[in-house]
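Below is one structure, written out as structure tokens; comments come after it.
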Amino acid sequence: MAHSYSASYPPNLSVDPGIVSFFEKFYEVSDTPPAHEDYADSFADDATFQIGIKQVKGKADILKMRQGMWEVVTSRKHTVYKVFPFGEKTTEFMLYGKVEYGFKDGRETSVDWAGRAEVINDGGKWKFKFYQVYLVSGRSEQVGIGRLLTVG
């Protein structure tokens with residue numbers, strides 16, 4: 001069975017289909033090692049991106065951070081369980097999922113994550129204006145997730 005990047009949304013709130021597609025495509029690109037430019041293009045020019053304590057602003061620094069996130073891993077696979085809109089026809093969301101990592105030294109692990117996102121329509125394309133990722137720590141420090149949060 002092929003991996004799906006689709007998520008559950010609250011049935012009582014409508015979300016722009018373009019935003020739904022944006023999230024699905026973003027996590028697919030996130031899991032594609034050579035797609036650094038496509039990843040950075042998912043952000044507005046002046047976007048803020050934060051993972052853990054590492055925060056960057058602007059596409060150039062987001063691209064650099066993205067490249068650094070692949071220094072210690074050979075694979076990642078995101079599963080997005082749920083997306084929670086902040087109301088009807090909003091552009092702010094909370095997300096919840098899991099990411100599986102394969103490391104260059106052969107180790108593998110999975111980590112639960114949550115994200116806070118604000119998107120904007122930039123020339124007809126949805127992009128992040130703000131994106132913050134929270135990773136569950138616990139055993140993640142033992143398998144190198146800490147290194148992922150400090151690269152770039």
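A few remarks follow.
- For the range 109-125, the count of residues that are among the charged types (D, E, K, R), out of contact with any strand residue (DSSP E or B) (no Cβ under 8 Å at 6 or more places or on another chain) and farther than 21 Å from K25 by Cβ is zero.
- Which numbered condition M94 misses (of (1) surrounded by 13 or more Cβ atoms within 10 Å (Cβ to Cβ); (2) among the hydrophobic types (A, V, I, L, M, F, W, C); (3) under 21 Å from V136 (Cα atoms); (4) in contact with a helix residue (DSSP H, G or I) (Cβ under 8 Å, 6 or more places away or on another chain)): (4)
- In the set (1) in contact with a His (Cβ under 8 Å, 6 or more places away or on another chain); (2) part of a strand (DSSP E or B), the condition left unmet by V56 is number (1).
- Unmet requirement for V119, which otherwise passes all of (1) surrounded by 18 or more Cβ atoms within 10 Å (Cβ to Cβ); (2) touching a helix residue (DSSP H, G or I) at 6+ places or on another chain (Cβ under 8 Å); (3) closer than 16 Å to Y134 by Cα: (3)
- Yes/no for T48 being over 18 Å from E118 (Cβ atoms) and hydroxyl-bearing (S, T, Y): no
- Among the residues making up the range 98-107, those that are in a strand (DSSP E or B) and in contact with a helix residue (DSSP H, G or I) (Cβ under 8 Å, 6 or more places away or on another chain) are Y101, F103.
- Criterion (assigned to a strand (DSSP E or B) and either more than 16 Å from Y134 (Cβ to Cβ) or touching a residue at least 60 places away in the same chain (Cβ under 8 Å) (or both)) met by exactly one of A2, A44, A114: A44
Bear in mind that the values in this text are calculations on the coordinates, not laboratory data. Every value quoted in this text rests on a predicted model; they were computed, and no experiment measured them. Using ideal geometry, Cβ is built from the backbone for each residue, glycine included, and neighbour counts are taken over all protein chains shown.
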